[in-house]
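Here's the structure we're looking at; comments come further down.
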Amino acid sequence: MLAASLAQAKDAPGNSSYPFGDAGGSHYSALTQINAQNVHKLKQAWRYDIKPDVALQNTPIVVDGVLYGVGAGKIIALDAATGAEKWIYAPTLPQRSRTGFYPRGESWWTDGKSSRLLVTASNFVYSLDPATGKPDPAFGDNGRVDLNDNLRGPASDNYVRMGGAVNVWHDLFFTCGEVGEQTPASPGDIRAWDVRSGKLVWTFHTIPRPGEPNAETWAADAWKTAGGANDWPGMVLDTRRGILFAATGSASDDFYGGERPGKNLYANSVIALDAQTGKMRWYFQTVHHDEWDNDFAAPPILVSVTKGGKTIDAVAATNKTGFVYVFNRETGESLFPIAEKPVPPATAPGDSAWPTQPFPVAPPPLSQQAVSAETLTQRTPEANAWAREKFAAFKNGPMFTPPAYKQETVSAPGFSGGSEWGGMSFDPKLQYLFANTENVMWTTAVIDRKDSTRKQGPDLPGAQSRYTFSGYNKFRDPDGYPATAWPWGHLTAIDLKTGTFAWRIPFGTYPELVAKGLKDTGSESYGGAVVTASGLLIIGASDFDRKLHAFDSRTGKLLWETELPFAGNATPITYMVGGKQYVAIAASTSHDRKAAKGSAFVAYTLDQP
């Protein structure tokens with residue numbers, strides 16, 4: 001067991017065996033061959049096209065010269081230096097499970113003698129032989145475990161899928177997952193499994209059961225029917241301390257809380273669990289009784305911060321509110337003040353909002369948290385006039401104004417953040433935390449379910465709430481651009497020593513607006529960044545310009561960019577093979593419906609190392 005722990009705690013030189021850089025999700029690489037002086041010499045080394053075309057969100061891993069990634073319902077092994085295909089495994093999934101097979105990462109386990117590749121595929125976790133791609137027959141049911149098992153009632157009554165990678169520690173792996181966001185929905189249990197056999201080891205109930213701490217924050221027996229409170233983007237591990245960190249989303253229903261009175265712990269919470277036993281060490285709830293879908297959309301990230309002359313090992317997280325939270329890993333104490341403030345009441349029938357919410361004093365919010373008629377688009381006079389007329393019909397209040405009944409209600413930053421699933425990156429030398437964020441506005445309203453034309457999610461047994469929501473309605477002008485003022489996206493560096501912004505720039509462009517002279521609009525973006533010890537921040541992410549960028553991590557200065565074949569809506573990796581450092585990213589047609597269709601893994605290296 002110790003050998004496995006050591007193998008997982010530190011990558012071999014040149015490898016990138018964690019989808020987010022390391023077990024703590026730092027998105028950081030110690031490689032330095034590519035640096036600020038030579039990054040402009042990067043050239044495409046290889047490209048591996050994936051058919052059929054699919055929206056790729058995957059960050060591959062590289063172990064001993066082999067790149068493992070997922071796309072188009074297939075698990076793929078490539079020569080990391082050439083892109084040559086080694087093997088493909090296409091799991092056979094039931095019809096109900098085929099949608100949503102777009103894993104954002106895969107995981108590696110070894111005991112020093114044998115190794116396994118763990119891959120999530122909808123509601124399954126597969127254990128594969130990395131040499132052949134064949135499932136391990138000793139693991140679970142012929143090589144896979146079903147995450148719908150061991151939740152609440154029979155597997156057929158549940159719906160859970162996992163887009164993030166599992167976490168591996170010693171001989172355990174840990175799962176969380178996505179569940180329905182409208183009732184009925186499955187609970188968001190966090191579970192540990194034996195990595196060799198696939199047998200369940202422990203379960204942490206994010207909706208507490210009788211006798212468990214904080215069960216009183218729900219109605220009596222809510223655990224039998226309540227759903228959500230799930231960590232859908234993934235978790236991170238402090239391997240030395242044996243602490244697993246999760247960050248959860250809202251309880252179901254997302255936008256109506258009349259049938260789930262109480263604070264609803266452990267929804268919308270950062271949770272620290274003992275990795276060996278699953279027992280809770282501490283938690284902090286960032287949104288009480290969520291009615292805004294203010295999920296943690298990205299895994300937390302482990303950081304170390306110097307304050308008062310002392311180095312504090314901490315965990316940072318950001319959610320769709322645009323706030324950043326930083327806690328001592330061992331105690332849960334916030335490194336910056338958090339104030340509990342009154343917020344508006346709910347107005348939908350039968351609903352009751354929590355009267356206060358936590359507001360971090362620092363760092364500053366990453367995105368706008370309020371919109372007014374004066375902060376609407378100025379792109380053209382016509383667009384501004386249209387936006388003002390539409391905006392006047394919305395219910396608009398301060399942050400945490402609950403959705404109104406049958407009246408579209410302003411939400412900012414909105415339902416995609418703030419920060420999205422790409423998450424944040426950390427430079428341990430600078431102690432800078434980096435985030436790319438959107439800055440657009442959305443609306444929704446509470447409506448009667450019988451009046452809804454929306455697809456309500458998986459068909460599960462159980463009672464539905466009378467009320468639902470009118471949809472995820474992005475506020476766009478008639479030409480399809482955000483109807484608020486730009487920048488519509490930012491790239492920000494936070495100095496965690498002080499809790500202030502070190503630098504902040506507009507991030508992302510619309511090529512057709514650039515051609516008209518509008519260069520600094522920013523845009524929506526998905527995917528994160530990788531940071532290197534040589535002072536680079538490398539990121540794709542932007543939806544419409546299809547660029548892969550390299551910035552100076554200290555200043556935010558753009559050092560290099562190239563146009564990808566498709567948008568790089570994923571987090572890149574960097575690795576070393578044969579004495580050469582590479583940067584690789586998954587690129588695909590995702591949010592830009594006007595773009596050419598396709599998907600590929602693309603790798604770059606220096607022309608002359």
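The values are calculated or read from the model by the stated rules, or taken from the named source; none is laboratory data. Since the structure is predicted, the reported quantities are computational estimates derived from the model, not experimental observations. For neighbour counting, all protein chains shown are included, and Cβ atoms are generated from backbone atoms with ideal geometry for every residue, glycine included.
Annotation note: Cβ proximity below 7 Å between a residue of segment 4-31 that is at pLDDT 95 or above and a residue that is acidic (Asp, Glu) and outside any loop (DSSP other than H, G, I, E, B) (sequence gap 6+ or interchain) occurs for Gly24/Asp238; Tyr28/Asp427. Answer yes or no as to whether Thr306 is of a type in the set (Val, Ile, Thr) and more than 22 Å from Thr217 (Cβ to Cβ). Yes: the conditions hold for Thr306.
The listed residues are Asn123, Asn167, and the only one of them that is modelled with pLDDT of 95 or more, within 28 Å of Ala267 (Cα to Cα) and surrounded by 22 or more Cβ atoms within 10 Å (Cβ to Cβ) turns out to be Asn167. All told, Phe415 meets the bar of being aromatic (Phe, Trp, Tyr), buried (at least 21 other Cβ atoms within 10 Å of the Cβ) and either in a loop (DSSP other than H, G, I, E, B) or out of contact with any Leu (no Cβ under 6 Å at 6 or more places or on another chain) (or both). Within segment 508-528, the presence of a residue that is out of contact with any helix residue (DSSP H, G or I) (no Cβ under 8 Å at 6 or more places or on another chain), among the aliphatic types (A, V, I, L, M) and buried (at least 24 other Cβ atoms within 10 Å of the Cβ) is excluded. Could you look through segment 529-548, keep only residues that are surrounded by fewer than 22 Cβ atoms within 10 Å (Cβ to Cβ) and on the phi > 0 side of the Ramachandran plot, and pick out the one that is farthest from the chain's Cα centre (by Cα)? So the residue we want is Gly535. Within segment 362-381, the set of residues being farther than 13 Å from Asn439 by Cβ, of a type outside the set (D, E, K, R) and either surrounded by fewer than 21 Cβ atoms within 10 Å (Cβ to Cβ) or at pLDDT below 95 (or both) comprises Ala362, Pro364, Ser372, Ala373, Gln378, Thr380, Pro381. Of all the residues in segment 313-355, those that are of a type outside the set (Ser, Thr, Tyr), under 28 Å from Ala404 (Cα atoms) and assigned to a loop (DSSP other than H, G, I, E, B) number 15.
Residues in segment 158-169: is at least one more than 22 Å from the chain's Cα centre (by Cα) and part of a strand (DSSP E or B)? No, segment 158-169 has no match at all.
Has segment 236-249 got at least one residue that is at positive phi and surrounded by fewer than 19 Cβ atoms within 10 Å (Cβ to Cβ)? Checked against the condition, which is being at positive phi and surrounded by fewer than 19 Cβ atoms within 10 Å (Cβ to Cβ), segment 236-249 yields at least one hit. Of the candidates Phe551, Phe501, the single residue that is part of a strand (DSSP E or B), out of contact with any Leu (no Cβ under 8 Å at 6 or more places or on another chain) and touching a residue at least 60 places away in the same chain (Cβ under 8 Å) is Phe501. Within segment 325-340, not a single residue is surrounded by 14 or more Cβ atoms within 10 Å (Cβ to Cβ), within 23 Å of the chain's Cα centre (by Cα), small (Gly, Ala, Ser) and closer than 20 Å to Phe415 by Cα. The set of residues from segment 284-315 being within 16 Å of Ser26 (Cα to Cα) and over 20 Å from the mean Cα position of the chain (by Cα) comprises Ser304, Val305, Ile312, Asp313. Considering segment 588-597, and only residues there that are of a type in the set (Gly, Ala, Ser) and part of a loop (DSSP other than H, G, I, E, B), the residue that is surrounded by the fewest Cβ atoms within 10 Å (Cβ to Cβ) turns out to be Ala596.
Looking only at segment 170-190, residues that are of a type in the set (Ser, Thr, Tyr) and either surrounded by fewer than 19 Cβ atoms within 10 Å (Cβ to Cβ) or part of a loop (DSSP other than H, G, I, E, B) (or both) come to 2 in all.
Taken over segment 30-86, residues that are farther than 30 Å from Ser122 by Cβ, under 25 Å from the mean Cα position of the chain (by Cα) and either crowded, with 16+ Cβ neighbours inside 10 Å or basic (Lys, Arg) (or both) amount to 1.
The number of residues in segment 554-587 being in a loop (DSSP other than H, G, I, E, B), within 19 Å of Ala84 (Cβ to Cβ) and of a type in the set (A, V, I, L, M) comes to 0. Of note, Asp238 satisfies the criterion of being among the acidic types (Asp, Glu), farther than 29 Å from Pro342 by Cα and at pLDDT 95 or above. Ala502 fails exactly one of the following numbered conditions: (1) crowded, with 24+ Cβ neighbours inside 10 Å; (2) in contact with a Lys or Arg (Cβ under 9 Å, 6 or more places away or on another chain). What is the number of that condition? For Ala502, the exception is condition (1). No other residue among Ala314, Ala267 is modelled with pLDDT of 95 or more and in contact with a Lys or Arg (Cβ under 7 Å, 6 or more places away or on another chain) apart from Ala314.
If you scan segment 51-69, which residues turn out to be modelled with pLDDT under 95 and aliphatic (A, V, I, L, M)? Of everything in segment 51-69, those that are modelled with pLDDT under 95 and aliphatic (A, V, I, L, M) turn out to be Val54, Ala55, Leu56. In segment 468-497, of all residues being outside any strand (DSSP E or B) and aliphatic (A, V, I, L, M), the one that is nearest to Ser425 (Cα to Cα) corresponds to Leu496. Would you mind stating whether Phe551 is surrounded by fewer than 19 Cβ atoms within 10 Å (Cβ to Cβ) and under 29 Å from Tyr325 (Cβ atoms)? For Phe551, the condition - surrounded by fewer than 19 Cβ atoms within 10 Å (Cβ to Cβ) and under 29 Å from Tyr325 (Cβ atoms) - is not met. Gly471 meets all of the listed conditions (1) free of Cβ contacts under 8 Å to residues at least 60 places away in the same chain; (2) over 19 Å from Ala297 (Cβ atoms); (3) out of contact with any helix residue (DSSP H, G or I) (no Cβ under 9 Å at 6 or more places or on another chain) but one, namely (2). A single entry from Leu513, Leu518 fulfils the requirement of being assigned to a loop (DSSP other than H, G, I, E, B) and not hydroxyl-bearing (Ser, Thr, Tyr): Leu518.
Selection of segment 539-569 for residues being charged (D, E, K, R) and in contact with a His (Cβ under 6 Å, 6 or more places away or on another chain) yields Asp543, Glu561. When segment 559-587 is limited to residues that are within 24 Å of Val63 (Cα to Cα) and among the polar types (S, T, N, Q), the one that is surrounded by the fewest Cβ atoms within 10 Å (Cβ to Cβ) turns out to be Gln581. Of the strands (runs of 3 or more DSSP E) lying entirely inside segment 191-285, those containing at least 1 residues that are closer than 25 Å to Thr356 by Cα span 243-247, 269-274, 280-285. Considering (1) more than 30 Å from Ala23 (Cβ to Cβ); (2) of a type in the set (Gly, Ala, Ser); (3) surrounded by fewer than 24 Cβ atoms within 10 Å (Cβ to Cβ), the lone condition that Ser252 does not fulfil carries the number (3).
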